[in-house]
Amino acid sequence: MKPTEDLILAFESSCDDTSVAILDTQYHILSNIISSQVSHNDFGGILPELASRLHLKNILYLTETAIQTTAVDPARIAAIAVSINPGLIGSLIVGLSFAKGLAWSMNIPLITVNHLLAHIFANYIGNPDLKPPYAALVVSGGHTELVCFNRGTEFQVIGKTLDDAAGETFDKAAKLLGLPFPGGPVIDQLAQSGNSSFLALPRALNRKDDHNFSFSGLKTAIKTHLANQDENYIRSHINDLAASIQTAIIEPLVNKTVRWCKNHHIPTILLAGGVAANSLLRQWMPAAAGKHGIRVYCPPVKLCLDNAAMVAAAAVTKYRNGKFSTLDVNAFSTKGTKEI
Ligand code: KG4
Ligand code: ZN
């Protein structure tokens, strides 16, 4: 493909994936390379210092590979984009420092984006004509937020988790079941042949006027239940346990999002973040929303997980509006969806 649009070279390094992408301003992906740091798997979670060092080790090679495999003339790259919050501070600094160096040496603008907004903007890849109003459910390893965009990139946070994030709950439940990290994809797979009514688990904040989420009670209920069982029980009921846990996490996400959109006449829902890769959420949300004429968009699985194409997608509007960052901009780890 020969793009006629300006190109954005983007970096994502907020957690344990180093990713480099080239996207044009019509949201066509030319390259989206993701290097996942499997070294953390031995530790059952992400080691921040190890993550920073691996980003540093990989980022130049991945950038050279993206340029070489697409045979893009670097002179066609019009801007550098990078996510600068939220995330692991050391990891963010590696990506930002590399992006700053490139922007300075190539004499092109630097565009900094919020990682959660980037997850939402992954929906523009393949749907470049999407327009607000829409609600976005951002469900990742560290975040669970329901936000509503009324116009442009202006938005309000409708609800968020008061404790654990949806992805974190998948990961912690998997750990209790003796399953590997990250737990979400494993539970998703095991749940395919399980009975979701096997174990009754709590749904928190179950009032019609409450748009927040809470998963720590669910985690405690799983822990308490398993404390009375032996390994044999877990092994022989693993599919049913996975299905029960998955449904307990997904059901409030679907019910609260659809209810809010129905009550506020919002016609469109965007799913975003790693948990948007979940097969039950991808089936249930469109089915529930469709009953009220609400349309649901969801990026392909690869674009739900951390990747740099979504960072470039979030940078497109800023590029068009000339909203650039200066080279003294800092990364910061603060949680939440923010326009920056
Ligand atoms: O967005 P993401 O790649 O990284 C963060 O920004 O956190 O999300 C990672 C999270 C992990 O908690 C992982 O278990 C979860 O997304 N996840 C899933 C699935 N695939 C990834 N959760 C449920 N079902 C899945 N298929
Ligand atoms: Zn993410």
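No value in this document is a laboratory result; all are computed from the given coordinates. Please read all numbers here as calculations on a predicted model, not as lab measurements. Positions of Cβ are backbone-derived with ideal geometry, glycine not excepted, and every protein chain shown enters the neighbour counts.
Table for the structure above
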read-out: The stretch 131-298, relative contact order [Cα under 8 Å, separation at least 6], %; value: 27 percent
read-out: Principal-axis tilt of helix 166-176 within the chain, Cα atoms, nearest 10 degrees; value: 60 degrees
read-out: Residue order, fewest to most surrounding Cβ atoms within 10 angstrom, among 201, 271; value: 201, 271
read-out: Relative packing of 309-320, 53-64, which averages over residues the other C-beta atoms within 10 Å, highest first; value: 309-320, 53-64
read-out: FRET efficiency estimate (nearest 0.05) - Cβ-Cβ, residue 334 to residue 60, R0 35 angstrom; value: 0.80
read-out: Fraction in percent of alpha-carbon pairs per bin - 20 Å, the chain; value: 32, 56, 12, 0
read-out: Sorted by Cβ neighbour density within 10 Å, fewest at the top, the residues 158, 80; value: 158, 80
read-out: Computed over the chain: relative contact order in percent, which uses C-alpha pairs under 8 Å that are six or more apart; value: 25 percent
read-out: Residue order, fewest to most beta carbons within 10 Å, for 264, 115, 28, 143; value: 264, 28, 143, 115
read-out: Helix 238-263 vs. the chain, principal-axis angle (Cα, 0 to 90°, nearest 10); value: 70 degrees
read-out: Amide H contacts under 5 Å for residue 268, placed H, 5+ residues apart; value: 135, 295
read-out: The stretch 282-297-the stretch 123-137 distance, computed between alpha-carbon centres (Å); value: 15 Å
read-out: Karplus-derived HN-Hα couplings along the stretch 24-33 (A = 6.51, B = -1.76, C = 1.60, θ = phi - 60°), whole Hz, x at Gly and Pro; value: 8, 7, 9, 6, 8, 8, 9, 8, 8, 8
read-out: Fraction of antiparallel bridges per DSSP, the chain only, in percent to nearest 5; value: 60 percent
read-out: Histogram of C-alpha separations across the stretch 131-298, 5 Å bin width, %; value: 2, 9, 19, 22, 19, 13, 8, 5, 2, 1, 0
read-out: Antiparallel bridges, percent of DSSP beta bridges restricted to the stretch 131-298 (to nearest 5); value: 60 percent
